[in-house]
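S.K.: Please see the structure below; I have some questions.
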Amino acid sequence: MSFSAEIVVRNGERGDAAGLSKVGARLFRQTYQGKMPSIDLESYVAEDFNLEQQLAELQDPNVTTLLVEKAGEIVGYAQVRQNPIPASTGLNVAIELWRIYLERSSQGLGIGKLLLSRAGEAVRSRSEDQVWLGVWERNLGAISFYEKHGFHIAGSQKFNIGAEVHNDLVMVGSAGAF
């Protein structure tokens, strides 16, 4: 890996709610700004990344939150949760890689691979060997990243953001492969 020892991946804790709320909102905007109506984007951010929601996620025993810190600042995170794959895939996968985001300035340095590896450990700690995720069909960079790490497309699902309905690809991977 081509990054320094100042990179730390750790489990999120209750006291991280404010930082996770801030970074989650910022990274979601960074990823999707200009790709959907601003009103829909901001509505989603306000609902899904507010302080109370992040605190609830950090305290939920069915969610594992991993934070990536660079020089003490959160630059990314991943969340793994107990959530069955959409039935339309015909598969039986119980764990979802719900969110994984990394600051653009930290991408391409191996940090995303490290975060994905730690997410794989979180999946395996739940005695599961497969994980699924939903990714917007237009997020080609993310799709490429997941395919590079052994995920394959198993179906699709609808994802609402505000008034818009988006199509997410459902991808499945082996937690031991990354």
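The values are calculated or read from the model by the stated rules, or taken from the named source; none is laboratory data. Every value quoted in this text rests on a predicted model; they were computed, and no experiment measured them. Using ideal geometry, Cβ is built from the backbone for each residue, glycine included, and neighbour counts are taken over all protein chains shown. All accessible areas refer to the heavy atoms of the entire protein, side chains included, with ligands and DNA or RNA removed. Shrake-Rupley method; radii C 1.70, N 1.55, O 1.52, S 1.80 Å.
S.K.: Kindly state which strands (runs of 3 or more DSSP E) lie completely within segment 68-148 and contain at least 1 residues that are closer than 26 Å to residue 7 by Cα and open to solvent by 40 Å² or more (accessible area, probe 1.4 Å). Walk me through how you get there before you give the answer.
M.R.: On the way: elements: 73-82, 95-102, 130-136.
Qualifying strands (runs of 3 or more DSSP E): 73-82, 95-102.
S.K.: I've got another one for you. Just to be sure before I move on: is residue 164 among the acidic types (Asp, Glu) and free of Cβ contacts under 8 Å to residues at least 60 places away in the same chain in the structure I sent?
M.R.: Values: among the acidic types (Asp, Glu): yes; free of Cβ contacts under 8 Å to residues at least 60 places away in the same chain: no.
In short, no.
S.K.: Return the only residue of 99, 81 being touching a helix residue (DSSP H, G or I) at 6+ places or on another chain (Cβ under 8 Å), modelled with pLDDT of 95 or more, within 22 Å of residue 153 (Cα to Cα) and of a type in the set (D, E, K, R).
M.R.: Working: 81 fails: touching a helix residue (DSSP H, G or I) at 6+ places or on another chain (Cβ under 8 Å).
99 is the lone residue from the list that is touching a helix residue (DSSP H, G or I) at 6+ places or on another chain (Cβ under 8 Å), modelled with pLDDT of 95 or more, within 22 Å of residue 153 (Cα to Cα) and of a type in the set (D, E, K, R).
S.K.: Going by what's in this entry, would residue 123 be described as modelled with pLDDT of 95 or more, over 18 Å from residue 31 (Cβ atoms), out of contact with any His (no Cβ under 7 Å at 6 or more places or on another chain) and aliphatic (A, V, I, L, M)?
M.R.: On the way: modelled with pLDDT of 95 or more: yes; over 18 Å from residue 31 (Cβ atoms): yes; out of contact with any His (no Cβ under 7 Å at 6 or more places or on another chain): yes; aliphatic (A, V, I, L, M): yes.
The answer is yes for residue 123.
S.K.: Could you say whether any residue in segment 151-168 is touching a strand residue (DSSP E or B) at 6+ places or on another chain (Cβ under 9 Å), assigned to a loop (DSSP other than H, G, I, E, B) and modelled with pLDDT of 95 or more?
M.R.: Yes, segment 151-168 contains at least one residue that is touching a strand residue (DSSP E or B) at 6+ places or on another chain (Cβ under 9 Å), assigned to a loop (DSSP other than H, G, I, E, B) and modelled with pLDDT of 95 or more.
S.K.: For segment 27-48, which positions are in contact with a helix residue (DSSP H, G or I) (Cβ under 7 Å, 6 or more places away or on another chain) and of a type in the set (Phe, Trp, Tyr)?
M.R.: 28, 32, listed by residue number.
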